[in-house]
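What follows is a single structure, written as structure tokens, with notes after it.
The values are calculated or read from the model by the stated rules, or taken from the named source; none is laboratory data. Computed from a predicted structure; not experimentally measured. Because the Cβ atoms are built from the backbone with ideal geometry, glycine has one as well, and the counts that use them run over all protein chains shown. All accessible areas refer to the heavy atoms of the entire protein, side chains included, with ligands and DNA or RNA removed. Shrake-Rupley method; radii C 1.70, N 1.55, O 1.52, S 1.80 Å.
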Amino acid sequence: MSTKTKEIVEVYGKSKATEHYLSPSRRDGVKIAWEEPFSCMVYQKAIQKIGYKPGQSLRVIDVGCGTGDGIALLTNSLMKNSGFRLEDDIDYLGVDISQEMCDAATSLNIGRKNVRFAQGDVRQGLPNENFDLYLSCGVPYSHLTSDELQIALENIFTNIQRQNKQSVVLIDVLGRYSIEWISKWGKNRWDYRMNFFQSDGEADFTPMSFYSAEDLNHLIDQASANVNLKPKEVEFFDRSIMTGRHTSTAEFTPNLPRYRNLVNSLMSPDRTTDFEELVFKLDVDNAPEEISNFFKNFSVYWNQLVAEAAQIAGKPISRGYINLPPEFQNFTFELQYLIDKSSTRDIRASVIEPTLAKYLQRLESSAQPGLGIGHTLMALISF
């Protein structure tokens, strides 16, 4: 953590929420290598749908901006690699109900051109400005009840209707059917807490709302009907199917393997990982059939990749063999090629495990069905 960030933590890390968002443990390997690239992929889709061209002004409102993750992701190297260079083109307004969050975000972004933060409540309306992208990240909408989220959507859609231009809305919420909270799958709002960051005390329980794609789509339909503004397209994306934050705590799913910790271990060159612990062996029969069938099919491919890595590492685990999808069938060939090229003594930690992590991330990203089965459910609403 930089000296500047440490100073900001000391000044603004007063509430548990702000302390968590400023926690240095927040950006672990999974966040950097799995979650942020996936989020940026969705952002890229949104920007493409707007029809943005380099040199144009991209006007963004980040609803529930927290300490400014949205502006960081939109202008960091991940977005640059996509061809979007937004440092000089973005006109960004971050809005959060917490003045403390806005103050911290302002301090973190001193000197950034056309970047502003202001206290506001989307349930009460939006600033009277035109925006191209209505962004959210960090599941701020899950703090609202479903009725409040519908009101927020109606306010956003009304603003889009008033400005009468091509716009995209990105909504992100907690996924109802994440493996992190199998015991809660029967409820759509319950007491949640962010106890997965290092802090001076226990995080408080907070009522949060959880959504399947069907749940969220119903609210979008209702809000658009009430405003009389029909979206051109609605797409859903699941982020962090196997590596959500609460796979590190198992607080809401007894006996849940610590998948996030295990994947972080795979990516660490100075650690070795227990392949058997990585195996997916959870009971998902209490989910709707579509959800249960996804997990059962996905687990077969996940476990096959783990078994192949374990076999090459000389630590075989007992698994039935299946054919992987074509895009993953060269896994063992790539592993063997990298092993043959490597001069390191610790092949397992330096070659086998990080390559397995890369393929597992690729599997999770390509297989995600947008059903509400990850830590985060993201919706792209195009007008």
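Given the options 234, 284, name the one that is aliphatic (A, V, I, L, M) and under 29 Å from residue 153 (Cα atoms). Write out each step before concluding.
Details: 284 fails: under 29 Å from residue 153 (Cα atoms).
Answer to the check: 234.
Look at residue 213 and say whether it is surrounded by 23 or more Cβ atoms within 10 Å (Cβ to Cβ) and either within 22 Å of residue 357 (Cβ to Cβ) or not basic (Lys, Arg) (or both). Lay out the reasoning, then the answer.
Numbers: surrounded by 23 or more Cβ atoms within 10 Å (Cβ to Cβ): yes; either within 22 Å of residue 357 (Cβ to Cβ) or not basic (Lys, Arg) (or both): yes.
Here the answer is yes, as residue 213 does meet what is asked.
Which residues, taken from the stretch 343-383, are charged (D, E, K, R), assigned to a helix (DSSP H, G or I) and surrounded by fewer than 23 Cβ atoms within 10 Å (Cβ to Cβ)?
At the first step, the residues of the stretch 343-383 found to be charged (D, E, K, R) are 345-346, 348, 353, 358, 362, 364.
With the extra rule that they be assigned to a helix (DSSP H, G or I), the set shrinks to 348, 353, 358, 362, 364.
Once the filter is applied, which keeps residues that are charged (D, E, K, R), assigned to a helix (DSSP H, G or I) and surrounded by fewer than 23 Cβ atoms within 10 Å (Cβ to Cβ), the stretch 343-383 yields 348, 358, 362, 364.
Among the residues of the stretch 72-117, write down those that are assigned to a loop (DSSP other than H, G, I, E, B), of a type in the set (Val, Ile, Thr) and in contact (Cβ under 8 Å) with a residue 12 or more places away in the chain.
Narrowing the stretch 72-117 to residues assigned to a loop (DSSP other than H, G, I, E, B): 76, 81-89, 97-98, 109-114.
Adding the requirement that they be of a type in the set (Val, Ile, Thr) leaves 97, 110.
Matches in the stretch 72-117: 97 only.
Please enumerate the residues belonging to the stretch 89-118 that are open to solvent by 70 Å² or more (accessible area, probe 1.4 Å) and either touching a Pro at 6+ places or on another chain (Cβ under 9 Å) or closer than 10 Å to residue 66 by Cα (or both).
Step one: list which residues in the stretch 89-118 are open to solvent by 70 Å² or more (accessible area, probe 1.4 Å), which gives 97, 99, 110-114, 116.
Answer for the stretch 89-118, where residues must be open to solvent by 70 Å² or more (accessible area, probe 1.4 Å) and either touching a Pro at 6+ places or on another chain (Cβ under 9 Å) or closer than 10 Å to residue 66 by Cα (or both): 97, 99.
Please pick out the residue among 30, 42 that is within 18 Å of the chain's Cα centre (by Cα), surrounded by fewer than 21 Cβ atoms within 10 Å (Cβ to Cβ) and modelled with pLDDT of 95 or more. Give the steps one after another, and end with the answer.
Details: 30 fails: surrounded by fewer than 21 Cβ atoms within 10 Å (Cβ to Cβ).
None of the others qualify; the one that does is 42.
Within the stretch 107-122, count every residue that is within 21 Å of residue 143 (Cβ to Cβ) and under 23 Å from the mean Cα position of the chain (by Cα).
As a first pass, look at the stretch 107-122 and keep what is within 21 Å of residue 143 (Cβ to Cβ): 117-122.
Now drop any that are not under 23 Å from the mean Cα position of the chain (by Cα), which leaves 117, 121-122.
Counting residues in the stretch 107-122 that are within 21 Å of residue 143 (Cβ to Cβ) and under 23 Å from the mean Cα position of the chain (by Cα) gives 3.
Applying the selection to the stretch 122-150, what residues are without any contact (Cβ under 8 Å) to a residue 60 or more places away in the chain and either on the phi > 0 side of the Ramachandran plot or assigned to a helix (DSSP H, G or I) (or both)?
Our first condition is that a residue be without any contact (Cβ under 8 Å) to a residue 60 or more places away in the chain; within the stretch 122-150, this holds for 122-125, 128, 147-148.
Correct list: 122, 123, 124, 125, 147, 148.
May I ask you to list pairs of residues, at least six apart or on different chains, whose Cβ atoms are under 7 Å apart, with the first in the stretch 171-187 being on the phi < 0 side of the Ramachandran plot and the second being of a type in the set (Lys, Arg) and crowded, with 18+ Cβ neighbours inside 10 Å?
185/176
Taking the stretch 254-275, which residues are over 14 Å from residue 357 (Cβ atoms) and modelled with pLDDT under 95?
254, 255, 270
Which pairs have Cβ atoms under 7 Å, sit 6 or more apart or on different chains, and link a residue in the stretch 352-364 that is in contact (Cβ under 8 Å) with a residue 40 or more places away in the chain to one that is among the charged types (D, E, K, R) and surrounded by fewer than 22 Cβ atoms within 10 Å (Cβ to Cβ)?
355/334
Restricting to the stretch 233-292, count the residues that are aliphatic (A, V, I, L, M), under 22 Å from residue 379 (Cβ atoms) and part of a loop (DSSP other than H, G, I, E, B). Let's see the steps before the verdict.
Within the stretch 233-292, the subset aliphatic (A, V, I, L, M) is 234, 241-242, 250, 256, 262-263, 266-267, 278-279, 282, 284, 287, 291.
Cutting the leftovers down to under 22 Å from residue 379 (Cβ atoms) gives us 234, 241-242, 287, 291.
Imposing the further condition that a residue be part of a loop (DSSP other than H, G, I, E, B) reduces the set to 241-242, 287.
Matching residues across the stretch 233-292 total 3.
Do we find a residue being of a type outside the set (Ser, Thr, Tyr), buried (at least 18 other Cβ atoms within 10 Å of the Cβ) and in contact (Cβ under 8 Å) with a residue 12 or more places away in the chain anywhere in the stretch 220-228?
Pass one, the stretch 220-228, residues of a type outside the set (Ser, Thr, Tyr): 220-223, 225-228.
Next cut, buried (at least 18 other Cβ atoms within 10 Å of the Cβ) only: 220, 223.
Applying the additional criterion that residues be in contact (Cβ under 8 Å) with a residue 12 or more places away in the chain yields 220, 223.
Yes, the stretch 220-228 has at least one match.
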